[in-house]
Amino acid sequence: MHVISLVWHWLLNVTGTFIPPSGSKWYNFWSGFGSDLGEAVIIGSLIGLYRHHKCASCWRIGHHPVEGTPYKTCHKHATIDSHKKLHEEHEHKYPEQHKLLNPSEQ
Ligand SMILES: [Zn+2]
């Protein structure tokens, strides 16, 4: 129980909400630790945007869509073999989506 109390005390100190010397605890929270939450959201959205647009095979930005999948590839992986491999990989991961596209192959 003592460890939980220590962790709770540390958390309140880090967030600036423990016994404020001046102002309210919410003022101290939002002008200290809470103001960093917006920056974390911006960084997280940039990482999400990059992951959405990156090549399915490497770190580059993808410009060439792989037919029948949501994947995109960069100029280095825009070959027929690479697209065929990605299509088969997507078909193996999500067979129900390919059944809808090709109902005769059941
Ligand atoms: Zn690539």
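The values are calculated or read from the model by the stated rules, or taken from the named source; none is laboratory data. Fair warning: this is a prediction, and the values are worked out from it, not measured in the lab. All Cβ positions, even for glycine, are placed from backbone atoms using ideal geometry, and neighbour counts span all protein chains on display.
For this structure, a couple of remarks:
- Residue in the range 54-63 that is closer than 30 Å to K99 by Cβ and either more than 24 Å from the chain's Cα centre (by Cα) or not in a loop (DSSP other than H, G, I, E, B) (or both) present: yes
- Filter result for the condition that a residue is assigned to a loop (DSSP other than H, G, I, E, B), within 30 Å of V7 (Cβ to Cβ) and either in the same structural domain as V7 (by TED's automatic domain parsing) or in contact with an Asp or Glu (Cβ under 6 Å, 6 or more places away or on another chain) (or both), over S35, S22: S22
- Qualifying positions in the range 69-106 - within 23 Å of H53 (Cβ to Cβ) and modelled with pLDDT under 90: Q97
- Looking only at the range 69-99, and only at residues there that are hydrophobic (A, V, I, L, M, F, W, C) and within 23 Å of the chain's Cα centre (by Cα), the one that is farthest from the ligand (Cβ to nearest atom): L86
- Summed over the range 15-59, residues that are surrounded by fewer than 14 Cβ atoms within 10 Å (Cβ to Cβ), charged (D, E, K, R) and within 16 Å of the ligand (Cβ to nearest atom) total 1.
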